[in-house]
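So the structure is just underneath, and the comments pick up after that.
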Amino acid sequence: MQNKLAENIAETILKKAKVCPQLGLVLGSGWGGIVNALTDKCVIPYSELSGMPQCGVKGHAGNFVIGTIGGKVVVIIQGRFHLYEGRRMEEVLMPLNVLYSLGVRNVILTNAAGGVNEKYRVGDIMILKDHINFTCKNPLIGVQPSEEFPVFVDMSEVYDPVFRKKILNACIELNVPCHEGVYMQLLGPTFETPAEIRAFRNWGVDAVGMSTVVEAIYARYLKMRVAAISCITNKAAGMDINPIKHEDVLLQSEKEGVFLEKLMKKIIATI
Ligand code: HPA
């Protein structure tokens, strides 16, 4: 895999941070608190990195944050790119390419998701054990295959079983309601219809969202070890008397912030 742009960005980051990260975190809604827990922090805005896609939404952080937590050097992607913004797949994948160029081979993806499984409650955690890519866009289309990086990547175990077990143990230790389930990524930006959710439930989907899967596929192509965690911020469409509102999803994810920070600290310490 060679991505000159990502290599240049990584070089600039390493010059500023002066440490090599061992673990990459991609933060979804609600998961931002972990940034406050880092020590010896170096914040590098995307705007200082030539070739890095920029965050369009004002007030939305677009930073690489490097720091230490529990004796580990981590790099945090604060501000991922989504297909629903009209981003090109290369933009969505750029953070992963930069992580790879930084030498990171272990990555944790996080998100906020709607609970499809009737047993799931708002505030629960779901560790991804598998996924369905319902964006119908494969991130490896058009990628030039090489001997080291073939594009016919096995997808039978995307989410690392050792990471999954460690995250599950962290949840149990913290007494956090936790499931292992199947996540479906949709394009968005609309939420789903109740009929779609009923169909997806029949397919074995436990939670839905608008990120993570294409990143996980790409990370596996890069031979990274991947874990992904959802915070259930709402019941999926048709499962609650109230309609789903983006503001409510954000409010709920913020409400979970302190607890998600605590959980992530524990996960990093054990991983
Ligand atoms: N659907 C899709 N994406 C989401 C949801 C949902 O219900 N909740 C949070 N992200």
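Each reported figure results from applying straightforward, stated rules to the coordinates on display, with no laboratory input. What you see is a predicted model, and the numbers here were worked out from it, not measured in a lab. Using ideal geometry, Cβ is built from the backbone for each residue, glycine included, and neighbour counts are taken over all protein chains shown.
To test your reading of the geometry: what angle, between 0 and 90 degrees and rounded to tens, separates the Cα axis of helix 257-270 from the longest principal axis of the chain?
Between the helix axis and the principal axis of the chain, the angle is about 60 degrees.
Enumerate the calculated ³J(HN,Hα) couplings along the stretch 149-154 in order (Karplus 6.51 cos²θ - 1.76 cosθ + 1.60, θ = phi - 60°), each rounded to whole Hz, writing x wherever the residue is Gly or Pro.
So the J values, rounded to whole Hz, are 10, x, 9, 7, 8, 5.
With point charges of +1 on the Cβ of Lys and Arg and -1 on the Cβ of Asp and Glu, referenced to the Cα centre of the chain, which listed residue (171, 117, 155) lies farthest in the positive direction of the dipole?
Projecting each Cα onto the dipole axis, the largest value belongs to 171.
In debye, nearest 20, what is the charge dipole magnitude of the stretch 1-125 about its Cα centre with +1 on Lys and Arg Cβ and -1 on Asp and Glu Cβ, if you could check?
Taking the Cα centre of the stretch 1-125 as origin, the dipole is about 160 debye.
Projected area of the stretch 139-271, taken from the Cα convex hull and averaged over every viewing direction, in nm²?
Result: 9.8 nm².
Which residues in the stretch 194-213 place their backbone N less than 17 Å from a point set 7 Å from the Cα of residue 119 along the Cα-to-Cβ direction?
201-208
Among the aspartates and glutamates, which fall within straight-line cross-link reach of residue 18, defined as a Cα-Cα distance under 15 Å, with same-chain neighbours fewer than 8 residues apart omitted?
Result set, ordered by chain and number: 40.
What does DSSP give for the stretch 1-142 in terms of the percent of beta bridges that are antiparallel, rounded to the nearest 5?
65
Suppose we keep just the DSSP beta bridges with both residues in the chain; what percent of those would be antiparallel, to 5?
The answer is about 40 percent antiparallel.
May I ask you to evaluate 6.51 cos²θ - 1.76 cosθ + 1.60, the Karplus curve with θ = phi - 60°, for each residue of the stretch 35-47 and list the ³J(HN,Hα) values in order in whole Hz, giving x for glycine and proline?
4, 5, 8, 6, 10, 6, 7, 10, 9, 10, x, 4, 5
Straight-line reach from residue 137: which lysines fall under 16 Å, measuring Cα to Cα and dropping same-chain residues less than 8 apart?
none
Ordered by residue, what ³J(HN,Hα) values in Hz, to whole numbers, does the stretch 186-201 give under the Karplus form 6.51 cos²θ - 1.76 cosθ + 1.60, where θ = phi - 60° and Gly and Pro are x?
Rounded to whole hertz, the list is 10, 5, x, x, 6, 6, 7, 8, x, 5, 4, 4, 4, 5, 5, 4.
Let me know the charge dipole size of the chain about its Cα centre in debye, to the nearest 20, where only the beta-carbon of Lys, Arg (+1) and Asp, Glu (-1) is charged.
In debye, rounded to 20, the chain gives about 500.
Neighbour counts of other C-beta atoms within 10 Å: give me 212, 68 arranged from fewest to most.
With the fewest neighbours first, 212, 68 line up as 68, 212.
Give the long-range amide H neighbours of residue 180: residues separated by 5 or more places, or on another chain, with amide H under 5 Å away, using H modelled in the peptide plane at 1.01 Å from N.
Answer set, sorted by chain and number: 127.
What's the angle, to the nearest 10 degrees (0 to 90), between helix 246-255's Cα axis and the longest principal axis of the chain?
The helix 246-255 is inclined about 70 degrees to the chain.
Hey, can you rank 254-260, 35-41, 94-100, 21-27 by average C-beta count inside 10 Å, highest first?
94-100, 21-27, 254-260, 35-41
Order of 179, 82, 131 from fewest to most other C-beta atoms within 10 Å?
Ascending Cβ contact count within 10 Å gives the list 82, 179, 131.
Counting only residues 5 or more places away or on other chains, whose amide H sits under 5 Å from the amide H of residue 225 once H atoms are built in the peptide plane?
Residues meeting the criterion, in which the H sits 1.01 Å from N, are 106, 107.
As a footprinting exposure proxy, order 14, 109 by other Cβ within 10 Å, with the fewest listed first.
Listed from fewest to most nearby Cβ atoms, that is 14, 109.
If we restrict to alpha carbons, what Rg and Dmax does the stretch 53-188 come to, in Å?
In Å, with Rg to one decimal and Dmax whole: 16.6, 45.
Can you list the lysines whose alpha carbon sits under 21 Å from that of residue 166, skipping same-chain ones fewer than 8 residues off?
Straight-distance partners of residue 166: 72, 129, 223, 262, 265, 266.
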